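A short worksheet on the structure shown next.
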Amino acid sequence: MLTIGEVSRRTGVPESTIRAWEKKYGIPRPVRLTGGHRRYLAADCAVVTELAAARARGTSLARAIEGVKRGGAAAGTSLFESVRLQAPSLPTLRLSSRAVLAISRAIEDEQLEAARPSILVGAFQRALFYERQKRRWHRLAATSLLTLVLADFASPRTEAGEPFLIPIASNCRLSREWAVVCHGPTLSASVVAQEVTDPGTPERFRRFETIWSVDHDLTAEVTAVAHRLAEPHLSSCGTSMPMLGLPVRRVSDVRSARVMGRIVTALDRR
């Protein structure tokens, strides 16, 4: 995540201008860390750049803001795109659902075994897919500070001690994404995948553009995007989000190797 100075340097837009846009129009909208510090996402740089380009073409600021909102650029609703913006050099792999499941289970199992306070995020596309994994994610929720589950639920569900169910629109980019994110002080790991096959494709033929990482900063970025989506629902029921000011410790080579070992073992069984 970025300070306002870093956003300014990346986009060439003065800090004072960014603050003015934020104050008047709510764009970009920073994430507040523990202690009140404000940070921005890589996706916010794209928004600021788009607004600056529109202004350079002579478009009024109000119209430029409207265009950004209409196009969804300000919503930050794609976990996959947030990863690509934050780490464009990371390889994107086209994988089967079996392979994406192996990576997902490896991250989940590492969290279940370690049981260290973390923020967990799962993107399931469909509520039906989550129902198949519901019992497992209730176990995961018992190990975490907060667990967010994103799918096409009919309504939000926010009950203490259980995963918080956050509805997503069926026509947004996130509805085509699969993700498992574990963001904590000793393990930060994420897999984010975007389906490229058509809805209804038989399971064995489903394919996903996939990025996975054990990088702390990248995982924090993805968690922050999920936070933006969940925040209105959590606020409405009086639940606060334990935010991203977690103490940072380098993920050890041993933990990384264990995650990789779990992936290989899962694939070897099939």
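The values are calculated or read from the model by the stated rules, or taken from the named source; none is laboratory data. Fair warning: this is a prediction, and the values are worked out from it, not measured in the lab. In this analysis, Cβ positions are derived from the backbone assuming ideal geometry, glycine residues included, and neighbour counts consider all displayed protein chains.
Yes or no, residue by residue, for (1) closer than 10 Å to SER97 by Cβ; (2) surrounded by 20 or more Cβ atoms within 10 Å (Cβ to Cβ); (3) touching a residue at least 12 places away in the same chain (Cβ under 8 Å):
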position	(1), (2), (3)
VAL181	no, yes, yes
GLY184	no, yes, yes
SER188	no, yes, yes
ALA193	yes, yes, yes
VAL196	no, no, yes
PHE205	yes, no, no
GLU209	no, no, yes
ASP215	no, no, yes
GLU221	no, yes, yes
Q | Residue within region 133-154 that is surrounded by 20 or more Cβ atoms within 10 Å (Cβ to Cβ), at pLDDT below 90 and part of a strand (DSSP E or B) present | A | yes
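From the residues in region 76-115 that are under 22 Å from ALA169 (Cβ atoms) and among the polar types (S, T, N, Q), which one is modelled with the lowest pLDDT?
THR77
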Q) If you check THR210, THR201, THR239, THR186, which single one turns out to be among the β-branched types (Val, Ile, Thr), more than 18 Å from LEU112 (Cα to Cα) and at pLDDT below 85? A) THR239
Q. Quick check, is GLU231 surrounded by fewer than 20 Cβ atoms within 10 Å (Cβ to Cβ) and closer than 21 Å to ALA43 by Cα?
A. yes
Q: Can you work out which of the residues in region 163-179 that are in contact with a helix residue (DSSP H, G or I) (Cβ under 6 Å, 6 or more places away or on another chain) and more than 23 Å from ALA102 (Cβ to Cβ) is surrounded by the fewest Cβ atoms within 10 Å (Cβ to Cβ)?
A: ILE168
**Q.** Residues of region 30-67 satisfying the condition of being of a type in the set (A, V, I, L, M, F, W, C) and at pLDDT 80 or above
**A.** CYS45, VAL47, VAL48, LEU51, ALA52, ALA53, ALA54, ALA56, LEU61, ALA62, ALA64, ILE65
